[in-house]
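The values are calculated or read from the model by the stated rules, or taken from the named source; none is laboratory data. Nothing here was measured: the structure is a model prediction, and the numbers come from that model. We place every Cβ from the backbone using ideal geometry, glycine too, and count neighbours over all the protein chains shown. In case anyone asks, the SASA skips ligands and DNA or RNA and just uses the protein heavy atoms, side chains included. Shrake-Rupley method; radii C 1.70, N 1.55, O 1.52, S 1.80 Å.
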Amino acid sequence: MVTVTLRNIVKARNGFRLKIDELIVENGEFLTLLGPSGCGKTTTLRMIAGFERPDRGEILFDGRPVNDLPPYERNIGIVFQDYALFPHMTVFKNVAFGLEMKGLPKSEIERKVRWALEIVGLTGLENRYPEQLSGGQQQRVALARALVVEPEVLLLDEPLSNLDAKIRERLRGEIRRIQRELGITTIYVTHDQEEAMAISDRIAVMNVGRVEQVGKPLELYYRPETEFVARFLGLSNILELEAENGRACLNELCFDVGRSGRVRIFFRPESVYIMKGDTAEVLDYELLPGRIRLKLGIGDRVILAERFLDELPFSVEEMPERVDVRVRSFSVLGQ
(Lines give C-alpha, C1' and ligand atoms only; values in the text may rest on other atoms or scores of the structure.)
Protein backbone atom coordinates (compact mmCIF):
# COMPACT_ATOMS: atom_id res chain seq x y z
CA MET A 1 0.00 0.00 0.00
CA VAL A 2 1.08 3.59 -0.48
CA THR A 3 0.90 7.09 0.94
CA VAL A 4 -0.99 9.47 -1.36
CA THR A 5 0.03 13.13 -1.36
CA LEU A 6 -1.62 16.06 -3.12
CA ARG A 7 0.58 19.14 -3.17
CA ASN A 8 -0.17 22.65 -4.50
CA ILE A 9 -3.09 21.34 -6.57
CA VAL A 10 -5.08 23.80 -8.69
CA LYS A 11 -7.92 22.86 -11.04
CA ALA A 12 -10.16 25.49 -12.66
CA ARG A 13 -13.12 25.14 -15.02
CA ASN A 14 -16.42 26.85 -15.75
CA GLY A 15 -15.89 29.48 -13.06
CA PHE A 16 -15.04 26.90 -10.37
CA ARG A 17 -11.56 26.76 -8.81
CA LEU A 18 -10.26 23.87 -6.74
CA LYS A 19 -7.16 24.59 -4.64
CA ILE A 20 -5.51 22.12 -2.27
CA ASP A 21 -2.22 23.23 -0.74
CA GLU A 22 -1.45 19.83 0.76
CA LEU A 23 -3.44 16.72 1.57
CA ILE A 24 -1.75 13.52 2.73
CA VAL A 25 -3.43 10.12 2.96
CA GLU A 26 -1.22 7.85 5.01
CA ASN A 27 -0.34 4.27 4.12
CA GLY A 28 -3.33 2.05 4.97
CA GLU A 29 -5.50 4.98 6.07
CA PHE A 30 -9.22 5.38 5.39
CA LEU A 31 -9.72 9.06 4.54
CA THR A 32 -13.07 10.50 3.53
CA LEU A 33 -13.58 13.61 1.40
CA LEU A 34 -16.75 15.11 2.86
CA GLY A 35 -18.67 18.14 1.66
CA PRO A 36 -21.78 19.45 -0.06
CA SER A 37 -22.47 18.94 -3.77
CA GLY A 38 -20.16 20.98 -5.98
CA CYS A 39 -17.40 21.43 -3.39
CA GLY A 40 -14.76 19.60 -5.47
CA LYS A 41 -14.54 16.24 -3.71
CA THR A 42 -15.30 14.08 -6.78
CA THR A 43 -12.99 16.20 -8.94
CA THR A 44 -10.25 15.56 -6.37
CA LEU A 45 -10.91 11.81 -6.51
CA ARG A 46 -10.88 11.83 -10.32
CA MET A 47 -7.49 13.55 -10.34
CA ILE A 48 -6.08 10.94 -7.98
CA ALA A 49 -7.50 8.23 -10.26
CA GLY A 50 -6.02 9.86 -13.38
CA PHE A 51 -9.32 10.65 -15.11
CA GLU A 52 -8.55 14.37 -14.85
CA ARG A 53 -5.29 16.29 -14.70
CA PRO A 54 -4.61 19.17 -12.32
CA ASP A 55 -3.75 22.50 -13.94
CA ARG A 56 -0.96 22.83 -11.43
CA GLY A 57 0.60 20.82 -8.62
CA GLU A 58 1.65 17.23 -7.99
CA ILE A 59 -0.06 13.98 -7.08
CA LEU A 60 2.38 11.53 -5.47
CA PHE A 61 2.15 7.84 -4.63
CA ASP A 62 4.88 7.09 -2.06
CA GLY A 63 6.74 10.16 -3.27
CA ARG A 64 6.50 9.18 -6.96
CA PRO A 65 4.73 11.72 -9.21
CA VAL A 66 1.82 10.08 -11.07
CA ASN A 67 0.44 13.12 -12.92
CA ASP A 68 1.51 11.73 -16.28
CA LEU A 69 0.41 8.14 -15.65
CA PRO A 70 -2.90 6.93 -17.09
CA PRO A 71 -5.36 5.29 -14.64
CA TYR A 72 -4.41 1.73 -15.63
CA GLU A 73 -0.79 2.36 -14.65
CA ARG A 74 -1.55 3.77 -11.19
CA ASN A 75 -2.57 0.44 -9.63
CA ILE A 76 -5.85 1.75 -8.26
CA GLY A 77 -9.24 0.19 -7.73
CA ILE A 78 -12.30 2.38 -8.10
CA VAL A 79 -15.97 1.95 -7.20
CA PHE A 80 -18.45 4.30 -8.86
CA GLN A 81 -21.79 5.58 -7.63
CA ASP A 82 -23.71 3.81 -10.42
CA TYR A 83 -21.82 0.46 -10.05
CA ALA A 84 -20.82 0.45 -13.80
CA LEU A 85 -21.39 -3.30 -14.17
CA PHE A 86 -21.57 -5.00 -17.56
CA PRO A 87 -25.22 -6.16 -17.86
CA HIS A 88 -24.39 -8.94 -20.33
CA MET A 89 -21.75 -10.50 -18.07
CA THR A 90 -22.21 -12.75 -15.05
CA VAL A 91 -20.97 -11.76 -11.62
CA PHE A 92 -17.87 -13.89 -12.17
CA LYS A 93 -17.09 -12.31 -15.55
CA ASN A 94 -17.65 -8.77 -14.22
CA VAL A 95 -15.18 -9.34 -11.40
CA ALA A 96 -12.72 -11.14 -13.69
CA PHE A 97 -12.74 -8.44 -16.36
CA GLY A 98 -9.69 -6.50 -15.15
CA LEU A 99 -7.67 -9.66 -14.65
CA GLU A 100 -8.52 -10.88 -18.14
CA MET A 101 -7.38 -7.55 -19.58
CA LYS A 102 -4.03 -8.16 -17.87
CA GLY A 103 -3.79 -11.57 -19.53
CA LEU A 104 -3.52 -13.60 -16.33
CA PRO A 105 -3.77 -17.41 -16.54
CA LYS A 106 -7.29 -18.81 -16.10
CA SER A 107 -6.37 -20.69 -12.93
CA GLU A 108 -5.08 -17.49 -11.31
CA ILE A 109 -8.16 -15.56 -12.42
CA GLU A 110 -10.39 -18.28 -10.93
CA ARG A 111 -8.54 -18.15 -7.60
CA LYS A 112 -8.51 -14.34 -7.35
CA VAL A 113 -12.18 -13.94 -8.31
CA ARG A 114 -13.33 -16.53 -5.78
CA TRP A 115 -11.22 -14.79 -3.11
CA ALA A 116 -12.75 -11.38 -3.95
CA LEU A 117 -16.31 -12.75 -3.95
CA GLU A 118 -15.71 -14.41 -0.58
CA ILE A 119 -14.38 -11.12 0.85
CA VAL A 120 -17.56 -9.24 -0.15
CA GLY A 121 -19.93 -12.08 0.79
CA LEU A 122 -21.10 -13.11 -2.69
CA THR A 123 -19.89 -16.71 -2.83
CA GLY A 124 -22.49 -18.78 -4.70
CA LEU A 125 -23.72 -15.93 -6.91
CA GLU A 126 -20.98 -16.25 -9.54
CA ASN A 127 -23.35 -17.18 -12.37
CA ARG A 128 -26.01 -14.55 -11.83
CA TYR A 129 -26.38 -11.45 -13.98
CA PRO A 130 -26.59 -7.89 -12.57
CA GLU A 131 -30.33 -7.67 -13.24
CA GLN A 132 -30.83 -10.66 -10.95
CA LEU A 133 -29.15 -8.91 -8.02
CA SER A 134 -30.33 -6.35 -5.48
CA GLY A 135 -28.76 -2.90 -5.40
CA GLY A 136 -26.63 -3.89 -2.41
CA GLN A 137 -25.42 -7.04 -4.15
CA GLN A 138 -24.54 -5.08 -7.29
CA GLN A 139 -22.45 -2.69 -5.23
CA ARG A 140 -20.66 -5.65 -3.67
CA VAL A 141 -19.83 -6.91 -7.17
CA ALA A 142 -18.39 -3.48 -8.02
CA LEU A 143 -16.32 -3.58 -4.83
CA ALA A 144 -15.07 -7.11 -5.59
CA ARG A 145 -14.06 -5.99 -9.09
CA ALA A 146 -12.04 -3.13 -7.57
CA LEU A 147 -10.37 -5.38 -4.98
CA VAL A 148 -9.55 -8.34 -7.23
CA VAL A 149 -6.75 -6.48 -9.01
CA GLU A 150 -5.06 -6.00 -5.60
CA PRO A 151 -4.78 -2.21 -5.87
CA GLU A 152 -2.42 -0.08 -3.83
CA VAL A 153 -5.12 2.59 -3.53
CA LEU A 154 -8.90 2.07 -3.33
CA LEU A 155 -11.12 4.96 -4.46
CA LEU A 156 -14.87 5.05 -3.75
CA ASP A 157 -17.09 7.78 -5.20
CA GLU A 158 -20.41 8.01 -3.28
CA PRO A 159 -20.72 4.20 -3.50
CA LEU A 160 -23.79 3.90 -1.26
CA SER A 161 -25.86 6.91 -2.30
CA ASN A 162 -28.27 4.89 -4.49
CA LEU A 163 -29.16 2.43 -1.72
CA ASP A 164 -31.80 2.68 0.99
CA ALA A 165 -30.81 3.64 4.55
CA LYS A 166 -30.68 0.16 6.11
CA ILE A 167 -28.61 -1.33 3.29
CA ARG A 168 -26.29 1.72 3.36
CA GLU A 169 -25.67 1.25 7.05
CA ARG A 170 -24.89 -2.44 6.64
CA LEU A 171 -22.65 -2.00 3.60
CA ARG A 172 -20.62 0.86 5.06
CA GLY A 173 -19.72 -1.46 7.92
CA GLU A 174 -18.69 -4.13 5.40
CA ILE A 175 -16.53 -1.66 3.47
CA ARG A 176 -14.79 -0.62 6.67
CA ARG A 177 -14.24 -4.24 7.72
CA ILE A 178 -12.73 -5.15 4.34
CA GLN A 179 -10.50 -2.07 4.33
CA ARG A 180 -9.14 -2.88 7.77
CA GLU A 181 -8.64 -6.54 6.88
CA LEU A 182 -6.70 -5.74 3.70
CA GLY A 183 -4.97 -2.56 4.89
CA ILE A 184 -5.56 -0.73 1.61
CA THR A 185 -5.04 3.03 1.46
CA THR A 186 -8.61 4.18 0.84
CA ILE A 187 -10.13 7.50 -0.23
CA TYR A 188 -13.91 7.71 0.05
CA VAL A 189 -16.19 10.48 -1.24
CA THR A 190 -19.53 11.28 0.38
CA HIS A 191 -21.83 14.14 1.33
CA ASP A 192 -23.31 12.10 4.21
CA GLN A 193 -21.91 13.29 7.56
CA GLU A 194 -23.02 10.23 9.51
CA GLU A 195 -21.47 7.90 6.95
CA ALA A 196 -18.16 9.77 7.08
CA MET A 197 -18.12 9.78 10.89
CA ALA A 198 -18.84 6.04 11.06
CA ILE A 199 -16.17 4.67 8.71
CA SER A 200 -13.25 7.11 8.53
CA ASP A 201 -9.86 7.22 10.21
CA ARG A 202 -9.78 10.89 9.22
CA ILE A 203 -12.07 13.24 7.32
CA ALA A 204 -11.18 16.12 5.00
CA VAL A 205 -14.11 18.55 5.03
CA MET A 206 -14.32 20.44 1.74
CA ASN A 207 -16.20 23.61 0.80
CA VAL A 208 -16.22 25.65 -2.44
CA GLY A 209 -13.03 24.15 -3.81
CA ARG A 210 -10.86 24.06 -0.71
CA VAL A 211 -10.18 21.85 2.29
CA GLU A 212 -11.58 23.54 5.40
CA GLN A 213 -10.18 21.09 7.95
CA VAL A 214 -8.68 17.60 8.19
CA GLY A 215 -8.92 15.54 11.34
CA LYS A 216 -10.31 12.52 13.16
CA PRO A 217 -14.12 12.34 13.25
CA LEU A 218 -14.59 13.30 16.91
CA GLU A 219 -11.94 16.02 16.64
CA LEU A 220 -13.85 17.64 13.78
CA TYR A 221 -17.19 17.17 15.52
CA TYR A 222 -16.25 18.67 18.87
CA ARG A 223 -13.35 20.96 17.91
CA PRO A 224 -14.08 22.44 14.47
CA GLU A 225 -11.85 25.26 13.34
CA THR A 226 -14.40 27.07 11.18
CA GLU A 227 -18.10 27.83 11.32
CA PHE A 228 -18.70 25.85 8.14
CA VAL A 229 -17.24 22.66 9.64
CA ALA A 230 -19.19 23.21 12.86
CA ARG A 231 -22.53 23.60 11.09
CA PHE A 232 -21.95 20.99 8.38
CA LEU A 233 -21.23 18.16 10.83
CA GLY A 234 -24.37 18.58 12.91
CA LEU A 235 -26.53 20.83 15.06
CA SER A 236 -24.46 23.62 16.54
CA ASN A 237 -24.61 26.43 19.04
CA ILE A 238 -22.42 29.40 18.10
CA LEU A 239 -22.38 32.46 20.36
CA GLU A 240 -20.50 35.62 19.44
CA LEU A 241 -19.52 37.22 22.74
CA GLU A 242 -17.16 39.84 24.16
CA ALA A 243 -14.51 38.36 26.45
CA GLU A 244 -12.98 40.27 29.36
CA ASN A 245 -10.13 39.02 31.55
CA GLY A 246 -10.23 35.63 29.84
CA ARG A 247 -13.98 35.04 30.31
CA ALA A 248 -16.87 35.42 27.89
CA CYS A 249 -20.34 35.51 29.43
CA LEU A 250 -23.94 35.43 28.29
CA ASN A 251 -25.73 36.51 31.43
CA GLU A 252 -24.86 33.78 33.96
CA LEU A 253 -23.51 31.34 31.36
CA CYS A 254 -19.74 31.90 31.23
CA PHE A 255 -16.85 30.39 29.27
CA ASP A 256 -13.15 30.50 30.17
CA VAL A 257 -11.51 31.40 26.85
CA GLY A 258 -8.12 32.68 28.01
CA ARG A 259 -8.28 35.86 25.95
CA SER A 260 -10.03 39.19 25.67
CA GLY A 261 -12.00 40.68 22.80
CA ARG A 262 -14.60 39.31 20.42
CA VAL A 263 -14.86 35.49 20.39
CA ARG A 264 -17.14 32.89 18.81
CA ILE A 265 -18.00 30.10 21.24
CA PHE A 266 -19.03 26.77 19.73
CA PHE A 267 -20.67 23.81 21.46
CA ARG A 268 -22.94 20.91 20.50
CA PRO A 269 -26.47 20.53 21.92
CA GLU A 270 -25.43 17.34 23.73
CA SER A 271 -22.77 19.34 25.62
CA VAL A 272 -25.50 21.36 27.35
CA TYR A 273 -26.56 19.94 30.72
CA ILE A 274 -29.95 20.80 32.18
CA MET A 275 -30.61 21.46 35.88
CA LYS A 276 -33.26 23.08 37.99
CA GLY A 277 -32.83 26.85 38.02
CA ASP A 278 -33.65 29.99 36.07
CA THR A 279 -30.69 30.72 33.75
CA ALA A 280 -32.68 29.97 30.59
CA GLU A 281 -36.27 30.11 29.41
CA VAL A 282 -37.71 26.95 27.88
CA LEU A 283 -39.03 28.24 24.56
CA ASP A 284 -39.95 24.88 23.03
CA TYR A 285 -38.97 21.24 23.03
CA GLU A 286 -39.08 18.25 20.69
CA LEU A 287 -39.33 14.62 21.74
CA LEU A 288 -37.02 12.23 19.89
CA PRO A 289 -36.56 8.46 20.39
CA GLY A 290 -35.33 8.27 23.99
CA ARG A 291 -34.16 11.90 23.93
CA ILE A 292 -35.42 15.44 24.14
CA ARG A 293 -34.23 18.52 22.27
CA LEU A 294 -34.90 21.81 24.04
CA LYS A 295 -34.90 25.30 22.57
CA LEU A 296 -33.69 27.65 25.31
CA GLY A 297 -33.59 31.43 25.49
CA ILE A 298 -30.82 33.22 27.38
CA GLY A 299 -31.15 36.97 27.12
CA ASP A 300 -31.60 37.72 23.42
CA ARG A 301 -29.89 34.47 22.31
CA VAL A 302 -31.29 31.00 21.61
CA ILE A 303 -29.39 27.75 22.17
CA LEU A 304 -30.25 24.09 21.66
CA ALA A 305 -29.79 21.37 24.28
CA GLU A 306 -30.23 17.64 23.76
CA ARG A 307 -30.37 15.09 26.57
CA PHE A 308 -31.54 11.56 27.21
CA LEU A 309 -34.92 11.62 28.91
CA ASP A 310 -33.62 9.96 32.06
CA GLU A 311 -30.98 12.70 32.44
CA LEU A 312 -33.57 15.42 33.06
CA PRO A 313 -34.11 16.47 36.70
CA PHE A 314 -37.86 16.57 36.01
CA SER A 315 -40.41 14.73 33.88
CA VAL A 316 -41.46 15.97 30.46
CA GLU A 317 -45.03 16.29 31.76
CA GLU A 318 -43.77 18.71 34.43
CA MET A 319 -41.55 20.78 32.12
CA PRO A 320 -40.69 24.03 33.95
CA GLU A 321 -40.76 27.45 32.33
CA ARG A 322 -37.11 28.06 33.20
CA VAL A 323 -34.05 25.86 33.78
CA ASP A 324 -30.39 26.21 34.65
CA VAL A 325 -27.77 25.19 32.05
CA ARG A 326 -24.09 24.28 32.09
CA VAL A 327 -21.88 23.69 29.03
CA ARG A 328 -19.35 20.93 29.70
CA SER A 329 -17.43 21.08 26.41
CA PHE A 330 -16.85 23.99 24.02
CA SER A 331 -14.26 25.45 21.67
CA VAL A 332 -13.46 28.85 20.26
CA LEU A 333 -13.85 29.10 16.49
CA GLY A 334 -11.18 30.77 14.38
CA GLN A 335 -11.85 34.33 13.30
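Data for the structure
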read-out	value
Karplus-derived HN-Hα couplings along the stretch 111-119 (A = 6.51, B = -1.76, C = 1.60, θ = phi - 60°), whole Hz, x at Gly and Pro	5, 5, 5, 5, 4, 5, 5, 5, 4
Solvent-accessible area, 1.4 Å probe, carbon plus sulfur percent, for the chain	46 percent
Set of lysines near Lys102 by C-alpha distance (under 29 Å), chain-local residues within fewer than 8 positions excluded	Lys93, Lys112
Residue range of the chain that is longest and free of chymotrypsin sites (Phe, Trp or Tyr not before Pro) which are both DSSP loop and sparsely packed (at most 16 other C-beta within 10 Å)	81-313
Gain in span if fully extended, Glu321 to Met89, counting 0.36 nm per residue against the direct Cα distance	76.9 nm
Average Cα contact separation per residue, the stretch 156-309, under 8 Å, 6 or more apart, as relative contact order %	12 percent
For the stretch 1-110, accessible area per residue (1.4 Å probe, heavy atoms of protein chains only), Å²	49 Å²
Whole-angstrom Cα spans of the stretch 193-270 along principal axes, big to small	40, 27, 18
Contact order relative to length of the chain, as percent, for alpha carbon pairs under 8 angstrom and 6 or more apart	17 percent
Neighbour cut-off at most 14 other Cβ (10 Å), DSSP loop, trypsin sites (Lys or Arg not before Pro), the stretch 190-273	Arg259
Accessible-area ranking of His191, His88, largest first, probe 1.4 Å	His88, His191
The chain - mean residue ellipticity at 222 nm from DSSP helices (-39,500 (n - 2.57) per run, n ≥ 4, rounded to 500)	-7500 deg cm²/dmol
Of the GluC sites (Glu not before Pro) in the stretch 237-282, those whose Cβ has at most 14 other Cβ within 10 Å and which sit in DSSP loop	Glu252
Accessible area in the full protein assembly, largest first, 1.4 Å probe, for Ser260, Ser329	Ser260, Ser329
Exposure of Leu235 as accessible area (Å², to 10), given a probe of 1.4 Å and all protein chains	80 Å²
The stretch 135-202: GluC sites (Glu not before Pro) in DSSP loop, at most 12 other beta carbons within 10 Å	none
Contour excess over end-to-end distance, with Cα ends at Val208 and Asp300 and 0.36 nm allotted per residue	29.9 nm
Size descriptor, Kirkwood hydrodynamic radius, that averages inverse alpha-carbon separations across the stretch 189-335, Å	16.5 Å
Two-decimal Rg to Rh for the chain - Kirkwood Rh, Cα set	1.08
For the stretch 103-191: rounded, prolate or oblate by the Cα gyration tensor [a/c cutoff 1.5]	oblate
Euclidean distance between Cα centres, the stretch 54-85 to the stretch 236-263, Å	47 Å
